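The structure is given below, and queries will be raised subsequently.
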Amino acid sequence: MLRLSFPSFLSVFHGRVLIALFMAGWGLSSAVQAKDTQHDFMPGDSVFVAFPAGNIKDDAFITGTVKQVEKNGDYLLEVQDYVEGHDYGSSCIPMIKKEDPQAMALGYGPGWEVWTDTTKLDRERLNYIVPKAQTMKLGIGKQYFVERNNLYIVFGRWKSDAPVMTLDRIERAQSEALSAGLKELVPVLDLVATHRQTFYDDNNRPLYAFERIAPAIVLLQQAQQVLQQDATLNRLWRAKQRNWSEIGKSTYTYFMIEALDKSVRDASDQLYEEGIERAGLQKVEQLRALSEVLQRNKH
């Protein structure tokens with residue numbers, strides 16, 4: 001999938017393509033609606049159409065210019081740029097002007113043909129009709145996706161053990177998640193914060209191996225509690241062959257599974273560090289027992 005940087009913001013597509021899209025049953029999150037989606041656009045206005053993905057990394061969007069306001073308030077767009085590779089047909093019915101029985105059966109009447117190449121929007125003479133409620137101001141749409149992308153970067157830096165991922169930064173990320181309408185990331189970042197405390201003290205000093213045993217126990221206890229409270233998450237996390245298609249539909253499920261993987265792995269790895277006996281045999285055995293319980297392939 002082509003992923004475009006925000007500085008160049010979809011500069012790859014330069015051709016004039018007239019797209020029209022009828023989107024069926026797709027709704028933006030409450031966060032997007034809060035960002036002034038209900039706006040009366042006029043011909044010539046630039047707009048943003050968002051296709052947010054559960055895993056964020058597969059977010060897709062279209063920017064275009066309003067060519068016409070339909071009788072029902074929807075907008076006919078001329079596409080300027082888009083993220084290539086996303087299947088826009090999963091939530092819309094792209095059409096090209098030409099008589100086709102299949103299109104007539106869908107109620108479009110003569111002069112329309114169902115367009116099946118739904119991952120590319122670069123054919124000429126396509127119209128793209130977007131419901132008013134799902135169209136955003138261009139600047140607001142860009143900012144919305146920048147906020148989502150920033151949170152994805154924060155999570156990625158934690159996964160890569162970046163030393164700059166302090167507790168303060170994690171707490172700010174939780175506030176940013178709420179602002180971006182991604183409250184499902186807040187409990188994920190709670191686990192991320194506990195992981196951070198397993199390896200660094202309050203002054204960001206790396207802990208010695210024996211110092212990490214007690215907080216590693218707390219980390220695994222929190223992971224165990226998360227799984228016990230959500231049977232679906234527990235099933236998806238423990239599956240020998242994970243269904244990433246299903247997992248990726250939910251932002252919470254996708255990121256929590258990623259966070260659980262790292263937390264369980266890193267906490268369990270402390271059992272193989274030198275000098276952990278200084279933490280006390282009881283603590284070491286408690287960590288070992290929790291690690292056994294949270295072994296995916298044994299359940």
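Read-outs: derived from the displayed coordinates by stated rules, not from any lab. A quick note: this is a predicted structure, and the numbers were derived from the prediction, not measured. Note: ideal-geometry Cβ built from the backbone for every residue, glycine included; neighbour counts use all protein chains shown.
List every residue whose amide H lies under 5 Å from the amide H of Asp74, counting only residues 5 or more places away in sequence or on a different chain, with H placed 1.01 Å from N in the peptide plane.
Lys132
A further question on this structure: State, to one decimal in nm², a quarter of the convex hull surface area for the C-alpha atoms of region 154-209, i.e. the direction-averaged projected area. Intermediate results must be reported in sequence, preceding the final value.
Values: hull surface 14.7 nm².
Hull-based average projected area comes out at 3.7 nm².
Output the peptides 168-178, 277-287, 144-154, 188-198 sorted from most to least packed, where packing is the average of other Cβ atoms within 10 Å over each peptide's residues. Show your work: numbers first, answer last.
On the way: 168-178: 16.4, 277-287: 14.8, 144-154: 19.1, 188-198: 21.3.
Descending packing order for the listed peptides: 188-198, 144-154, 168-178, 277-287.
Please list, in chain and number order, the residues 5+ apart from Tyr128 or on another chain whose amide H is under 5 Å from its amide H, with Hs placed from the backbone.
Ile19, Ala20, Leu21, Leu77
How would Lys249, Lys142 line up from fewest to most surrounding beta-carbon atoms within 10 angstrom? Walk me through the intermediate numbers first.
On the way: Lys249 13, Lys142 18.
Listing Lys249, Lys142 from fewest to most nearby Cβ atoms yields Lys249, Lys142.
Report ³J(HN,Hα) in whole Hz for each residue of region 172-178, in order, from the Karplus equation J = 6.51 cos²θ - 1.76 cosθ + 1.60 where θ = phi - 60°; Gly and Pro get x.
Going residue by residue, I get 5, 4, 5, 5, 5, 5, 5 Hz, with x marking Gly and Pro.
Quick one: 3J(HN,Hα) in Hz for region 148-154, Karplus 6.51/-1.76/1.60 with θ = phi - 60°, rounded, Gly and Pro as x.
5, 5, 4, 5, 4, 5, 4
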